[in-house]
């Protein structure tokens, strides 16, 4: 059974529906590739999926340790290359709103590193990840 259904809307836009929940996302081509940039681009969505996946796995690990991850943010920068046009690098900057000892940092960072999205991306796509804690 399908997980998503994508419908072309015209004008370089699509609507993606998550079939289980019925939630939708509209994508638009970016302005540097003939789009209007009014919605998230498919390549931005890939970068966002990486950050969300990492944050979710870190939250699972944090919950097991009794740590509240609320307020943790991930700043994501997607870098494009050409010939062929592709994502060449995704820069992930995780910012925790709390201090953490070395053991906790190791557990959280290893959890983020096990993200299935990260493991599914082509090895030529550089993933640059930094982790910052409140005292940093």
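The values are calculated or read from the model by the stated rules, or taken from the named source; none is laboratory data. Quick caveat, the model's predicted, so the values are computed rather than measured. With ideal geometry, Cβ positions are generated from the backbone for all residues, glycine too; neighbour counts draw on all protein chains shown.
Inspect the range 31-40 for any residue being modelled with pLDDT of 95 or more, assigned to a helix (DSSP H, G or I), closer than 30 Å to residue 98 by Cβ and within 20 Å of the chain's Cα centre (by Cα) and give the result as yes or no.
Within the range 31-40, none of the residues are modelled with pLDDT of 95 or more, assigned to a helix (DSSP H, G or I), closer than 30 Å to residue 98 by Cβ and within 20 Å of the chain's Cα centre (by Cα).
Of the residues 74, 94, which is surrounded by 12 or more Cβ atoms within 10 Å (Cβ to Cβ) and touching a helix residue (DSSP H, G or I) at 6+ places or on another chain (Cβ under 6 Å)?
Every option except 74 fails the conditions.
For the range 88-133, give me each residue that is within 13 Å of the chain's Cα centre (by Cα) and assigned to a strand (DSSP E or B).
Of everything in the range 88-133, those that are within 13 Å of the chain's Cα centre (by Cα) and assigned to a strand (DSSP E or B) turn out to be 89, 90, 91, 92, 93, 94, 127, 128, 129.
Of the conditions (1) assigned by TED's automatic domain parsing to the domain that holds residue 10; (2) farther than 30 Å from residue 7 by Cα, residue 26 clears all except one; give me its number.
(2)
Here's the yes/no breakdown for (1) surrounded by fewer than 16 Cβ atoms within 10 Å (Cβ to Cβ); (2) under 30 Å from residue 107 (Cα atoms); (3) without any contact (Cβ under 8 Å) to a residue 12 or more places away in the chain:
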residue: 3; (1), (2), (3): yes, no, no
residue: 34; (1), (2), (3): yes, no, no
residue: 51; (1), (2), (3): no, yes, no
residue: 54; (1), (2), (3): no, yes, no
residue: 63; (1), (2), (3): yes, yes, yes
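Give me the residue from the range 97-125 that is without any contact (Cβ under 8 Å) to a residue 40 or more places away in the chain and within 14 Å of residue 47 (Cα to Cα) and, out of that set, surrounded by the fewest Cβ atoms within 10 Å (Cβ to Cβ).
Across the range 97-125, the extreme among qualifying residues is 122.
For the range 18-30, what are the residues that are touching a residue at least 12 places away in the same chain (Cβ under 8 Å) and either under 17 Å from the mean Cα position of the chain (by Cα) or surrounded by fewer than 16 Cβ atoms within 10 Å (Cβ to Cβ) (or both)?
Within the range 18-30, 18, 19, 20, 25, 26, 27 qualify.
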